[in-house]
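Peer 1: Quick one: the structure is below, questions incoming.
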Amino acid sequence: MRVDEIDLLRARHYDLLATVLGRVPCGRVLAQVSGLHGDATPLGSALGALGRAARGADPQSLERDHFDVFIGVGRGKLLPYASYYLTGFLNERPLARVREDLAALGLERSESVSEPEDHAAILLEVMAGLASARFDAEPGFEQRFFERHLKPWARRFFEDLEGAAGTDFYRAVGALGRLFLEIEAEAFAMDP
């Protein structure tokens, strides 16, 4: 199946965001992100800012910021889970809904993954798979997944990340994620 070039670019954005949210970026990831230069569009500017932040990033500072923001002692500044953003609690109904939709795709959490499936990085990774047609999904599933599992909360999460992060890198991740999800929401709203 041939995938539209725009959908492949969208998938790359989702993959990028999933990668930098899911774990502290290693040297290889930082080197790849450092190659981003962007253009004069708002999304291009956000990509360029992330590339500049990656070029100037100190790995120890990134590790500390990731810990402070997402893990913390007791808990991080932010909890990147749909359940928490939508209900104020972890492992609630939004997680069950994600699991239902993942089951419809034939996906389930790997034993090696400790995060619940409603973690932002996992949802973004699923969207990358849907946009690039890596998953066999019925027509309209991608939009329904976005509307159900990301649109209600993820933009706000990325906005919160912009404010909570202590490094330019994670602030740039927040700005890029917020802007990209705004564009996605507008594009899905235009689909018939």
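Peer 1: Quick check: Cα centre of the range 1-58 to Cα centre of the range 113-192, how many Å?
Peer 2: Cα centroid to Cα centroid, the span is 14 Å.
Peer 1: Pop a pseudo-label 7 angstrom from the Cα along the beta-carbon direction at both A104 and I6 and give the gap in nm to one decimal.
Peer 2: Computed distance between label sites A104 and I6 equals 2.4 nm.
Peer 1: Follow-up question, since we're still on this one. Go through the range 122-172 and name the trypsin sites (Lys or Arg not before Pro) that are in a DSSP coil and have 15 or fewer other Cβ atoms within 10 Å of their Cβ. Before the final figure, lay out the partial values.
Peer 2: Details: sites: R134, R144, R148, R155, R156, R171; in loops: R134.
The qualifying sites are R134.
Peer 1: Using only the Cα atoms, what convex hull volume per residue in Å³ does the range 133-183 have?
Peer 2: Values: hull volume 4.3 nm³, N = 51.
Here the figure is 85 Å³ per residue.
Peer 1: Could you grab the relative contact order for the range 68-142? Cα pairs under 8 Å, six or more apart, rounded to a whole percent.
Peer 2: On the way: 56 pairs, mean separation 16.2, N = 75.
Taking the mean separation of contacting Cα pairs over the length of the range 68-142, I get 22 percent.
Peer 1: Now for a separate question. Just to be sure I follow the definition: excluding the sites themselves, where is the longest run in the chain that has none of the GluC sites (Glu not before Pro) in a DSSP loop with at most 14 other Cβ atoms within 10 Å? Walk me through the numbers before you get to the answer.
Peer 2: Working: sites that count: E108, E111.
My reading of the result: 1-107 is the longest stretch.
Peer 1: If you don't mind, another one. Remind me, relative contact order of the chain in percent, using alpha carbon pairs under 8 angstrom and six or more residues apart?
Peer 2: Values: 227 pairs, mean separation 53.2, N = 192.
Relative CO of the chain lands at 28 percent.
Peer 1: Restricting to Cα pairs below 8 Å that are 6+ residues apart, what does the relative contact order work out to for the range 1-81? Please round to a whole percent. Working shown, then result.
Peer 2: Working: 52 pairs, mean separation 16.1, N = 81.
Computed value for the range 1-81: 20 percent relative contact order.
Peer 1: How far apart, in nm, are two points set 7 Å out from the Cα along the Cα-to-Cβ line at T87 and at E147?
Peer 2: Distance between the two pseudo-spin positions: 2.3 nm.
Peer 1: Oh, and also: Of all chymotrypsin sites (Phe, Trp or Tyr not before Pro) in the range 1-84, which ones are in loop regions per DSSP and have a Cβ with at most 14 other Cβ atoms within 10 Å?
Peer 2: On the way: sites: Y14, F67, F70, Y81, Y84; in loops: none.
In loop regions of the range 1-84 (DSSP not H, G, I, E or B), there are no sparsely surrounded chymotrypsin sites (Phe, Trp or Tyr not before Pro).
Computed from the coordinates by the stated procedures, all read-outs in this text should not be read as laboratory data. Just so it is clear, the model here is predicted, and its values are computed rather than measured. When we count neighbours, we look across all protein chains shown, and the Cβ atoms used for this are built from the backbone with ideal geometry, even at glycine.
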